[in-house]
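Novice: Okay, here's the structure, questions in a sec.
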Amino acid sequence: MRAAVLGVTGYTGLVLLRLLAEHPQVDDIVPVSSSQPGSPVDAIDFGLSPAIASKLRSTGGKTIAVDEAARLAAKPGIDVVFSALPHVKSAVVCAPFLGRSVVIDLSADFRFADAAVFAAVYGQAHPRPELLRQAVYGLAEWHTERIREADIIANPGCYPTATLLPLLPLARAGLVDGTVVANAISGISGAGKKERVDLLYSERTENAGAYNPGRSHRHAPEIEGELKAVRASLSLLFTPHLAPLKRGMCVSTVVRLAKDPPAEGAGSVAAILSEAYRGRPFIRLTGPRVPQTRDVWGSNRCDIGWQREGDHLLVFSAIDNLVKGASGQAVQNMNIRFGLDEAAGLPQHGEL
Ligand SMILES: NC(=O)c1ccc[n+]([C@@H]2O[C@H](COP(=O)([O-])OP(=O)(O)OC[C@H]3O[C@@H](n4cnc5c(N)ncnc54)[C@H](OP(=O)(O)O)[C@@H]3O)[C@@H](O)[C@H]2O)c1
């Protein structure tokens with residue numbers, strides 16, 4: 001397979017490059033960069049092994065510009081285009097590849113079916129509203145069947161991935177009602193490789209705090225939309241926190257139980273989650289053990305734990321924001337879309 005990565009010099013682009021380099025069915029990677037076209041890939045990231053050059057066959061081991069990639073897509077073909085570009089920019093750059101390549105977009109551009117919702121949340125008009133009906137929300141374990149047929153896969157945000165995976169099966173089973181209160185912690189790489197004063201080492205080290213609380217973070221409507229699709233009466237209060245971690249994300253969610261589930265057996269929280277994720281390689285249920293970011297660092301896993309507290313349920317999840325929260329889930333979606341082993345080329349273990 002031939003796969004292109006747009007925005008390859010960013011964090012998620014570079015993780016995509018690493019994952020695709022190890023993928024058994026990908027034999028040609030096309031790295032695309034607007035800021036550094038024509039660069040050997042070890043010049044954009046010296047951490048990459050020189051061995052990766054053997055997988056960059058069409059470009060001679062170098063990055064290419066977007067126009068060149070579009071020309072390449074027209075002739076011998078590019079099976080899949082991953083876009084690791086900022087929102088609004090992404091839909092514009094992806095458009096010429098559609099019809100020739102499957103597009104997997106890591107930005108927010110295709111996550112909402114309604115362009116008016118996108119404009120309200122992101123404060124800008126959607127640049128290609130006519131494409132939205134082709135897109136499928138790429139929460140890999142939840143929309144698997146639709147992803148198999150999709151021309152555009154809208155990779156979910158990292159906070160939505162970690163928040164929704166534990167909640168959706170419980171909501172579908174009628175266990176959750178009313179307002180869901182989710183508090184999340186993210187590593188700094190969640191903000192991308194940007195030059196911003198508030199992301200400087202001296203601003204972030206030994207420092208943690210909430211930002212965009214309640215309903216003001218852009219991921220809140222994305223999470224709430226998926227929850228409401230399962231149970232319309234649900235609403236969300238979502239408060240993200242930034243912590244001095246390079247990568248990693250965990251979410252602690254409190255829900256009021258709509259009914260009294262048994263502690264074990266049919267209808268229990270354990271049974272509902274086990275049934276929903278039976279055979280899925282990247283969900284690990286940890287029961288009362290609270291998952292930690294270190295357990296999943298570098299892996300494509302989402303670990304999910306829970307504890308009952310009277311008539312409330314506390315639900316915990318942890319992912320690596322750059323892997324299951326972005327590039328790893330994108331490769332998982334490629335695997336599903338092309339009928340490959342869902343886990344092909346993807347890391348299972350957290351790193352020490
Ligand atoms: N970081 C995360 O944890 C995470 C998780 C889920 C989703 N996402 C989404 O994935 C996308 C990429 O995120 P990222 O963290 O990899 O971002 P990033 O580190 O800031 O990289 C974005 C890349 O896009 C390219 N680009 C092209 N036009 C640009 C422009 N006008 N402004 C800035 N960059 C431009 C650049 O690469 P070239 O110069 O090489 O083209 C840049 O390196 C974003 O839409 C983000 O919201 C990120």
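Novice: Going down the table (LYS55/LYS324; LYS75/LYS193; LYS194/LYS324), which pairs top 29 Å between alpha carbons? Don't skip to the answer; put the middle values down first.
Specialist: Details: LYS55/LYS324 23 Å; LYS75/LYS193 33 Å; LYS194/LYS324 21 Å.
Flagged as over cut-off: LYS75/LYS193.
Novice: What is the percent carbon and sulfur in the accessible area of the chain, measuring with a 1.4 Å probe over the protein chains and ignoring ligands?
Specialist: Working: 7640 of 14780 Å².
C and S atoms contribute 52 percent here.
Novice: Sticking with the crude label model, points 7 Å out along Cα→Cβ, report the distance from LEU98 to ARG146 in nm, one decimal please.
Specialist: Using points 7 Å along Cα→Cβ, the separation is 1.6 nm.
Novice: Compactness ratio of the stretch 1-75: Cα Rg over 2.2 N^0.38 Å, N = residue count? Let's see the in-between values first.
Specialist: Working: Rg = 10.9 Å, N = 75, 2.2 N^0.38 = 11.3 Å.
Against the compact-globule rule of thumb, the ratio is 0.96.
Novice: Regarding the stretch 47-96, what whole-number volume in Å³ per residue does the convex hull of its Cα atoms give? Walk me through the numbers on the way to the answer.
Specialist: Values: hull volume 4.9 nm³, N = 50.
So the per-residue Cα hull volume is 98 Å³.
Novice: Then there's this: For the stretch 134-216, what mean projected area does the convex hull of the alpha carbons give, in nm²? It would help to have the intermediate numbers written out before the result.
Specialist: Details: hull surface 31.5 nm².
Dividing the Cα hull surface by four gives the mean projection, 7.9 nm².
Novice: Add +1 for every Lys or Arg and -1 for every Asp or Glu among the other residues with Cβ under 14 Å from the Cβ of PRO24, and state the total. Could the numbers behind the result be given before it?
Specialist: Details: positive: LYS55; negative: GLU22, ASP27, ASP28, ASP341, GLU342.
Neighbourhood net charge equals -4.
Novice: For q values of 0.11 Å⁻¹, compute log₁₀ I(q)/I(0) with the Debye formula on a Cα-only model of the stretch 278-352, without solvent.
Specialist: Cα-only, vacuum Debye calculation for the stretch 278-352: -0.30.
Novice: Accessible area per residue for the chain in Å², computed with a 1.4 Å probe and the full protein assembly in place, what is it?
Specialist: 42 Å²
Novice: Given the rule -39500 (n - 2.57) for each run of at least 4 DSSP H residues, summed and divided by the residues of the chain, what is its mean residue ellipticity at 222 nm, to the nearest 500 deg cm²/dmol? Walk me through the numbers on the way to the answer.
Specialist: Working: 12 runs with 95 residues, N = 352.
It lands at -7000 deg cm²/dmol.
Novice: So what is the relative contact order of the stretch 9-147, in percent, for Cα pairs below 8 Å that sit 6 or more residues apart? Could the numbers behind the result be given before it?
Specialist: Values: 174 pairs, mean separation 22.4, N = 139.
Computed value for the stretch 9-147: 16 percent relative contact order.
Novice: What Rg and what Dmax come out for the stretch 7-153 when only alpha-carbon atoms are used, in angstroms?
Specialist: 15.5, 46
Novice: Could you give log10 I(q)/I(0) at q = 0.11, 0.18, 0.24 Å⁻¹ for the stretch 180-253, computed by the Debye formula over C-alpha point scatterers of equal weight, without solvent?
Specialist: With one equal scatterer per Cα and no solvent, log10 I(q)/I(0) is -0.31, -0.73, -1.08.
Novice: Turning to a different aspect of this structure: Using only Cα atoms, tell me the angle between helix 328-337 and the longest principal axis of the chain; keep it within 0 to 90° and round to the nearest 10.
Specialist: Helix 328-337 sits at roughly 80 degrees to that axis.
Novice: Any idea what angle helix 11-21 forms with the longest principal axis of the chain, computed on alpha-carbon atoms, 0 to 90 degrees, nearest 10?
Specialist: For helix 11-21, the angle is close to 70 degrees.
Novice: State which stretch of the chain is the longest one without any exposed GluC sites (Glu not before Pro), exposure meaning a DSSP loop state and at most 11 other Cβ atoms within 10 Å. Let's see the in-between values first.
Specialist: Working: sites that count: GLU149, GLU195, GLU206, GLU264, GLU351.
Counting at most 11 other Cβ atoms within 10 Å as exposed, the longest clean stretch of the chain is 1-148.
Novice: Additional query: What's the extension gain from SER58 to ALA210 if we count 0.36 nm per residue and subtract their Cα-Cα distance? Spell out each step's value before the answer.
Specialist: Details: separation 152, 0.36 × 152 = 54.72 nm, distance 4.50 nm.
Gain on stretching SER58 to ALA210: 50.2 nm.
Novice: To the nearest 10 degrees, how steep is helix 219-230 against the longest Cα principal axis of the chain, on a 0 to 90 scale?
Specialist: 60 degrees
Novice: Take every Cα pair under 8 Å in the chain that's 6+ residues apart, average their separations, divide by the length, and report that relative contact order as a whole percent. Spell out each step's value before the answer.
Specialist: On the way: 793 pairs, mean separation 58.3, N = 352.
Value for the chain: 17 percent.
Novice: Mind computing the radius of gyration and Dmax over the alpha-carbon atoms of the chain? Å is fine for both.
Specialist: Final numbers for Rg and Dmax: 19.8, 62 Å.
Novice: How large are Rg and Dmax for the stretch 221-298 when only the alpha carbon atoms are used, in Å?
Specialist: Cα-based Rg and Dmax for the stretch 221-298 come out at 15.0, 41 Å.
The values are calculated or read from the model by the stated rules, or taken from the named source; none is laboratory data. Note that the structure is a prediction, hence the values are computed from the model and not measured. Cβ coordinates were reconstructed from backbone atoms using ideal geometry, including for glycine residues, and neighbour counts include every protein chain displayed. The protein model used for the area step is the full one, side chains on, heavy atoms only, and it has no ligands, DNA or RNA in it. Shrake-Rupley method; radii C 1.70, N 1.55, O 1.52, S 1.80 Å.
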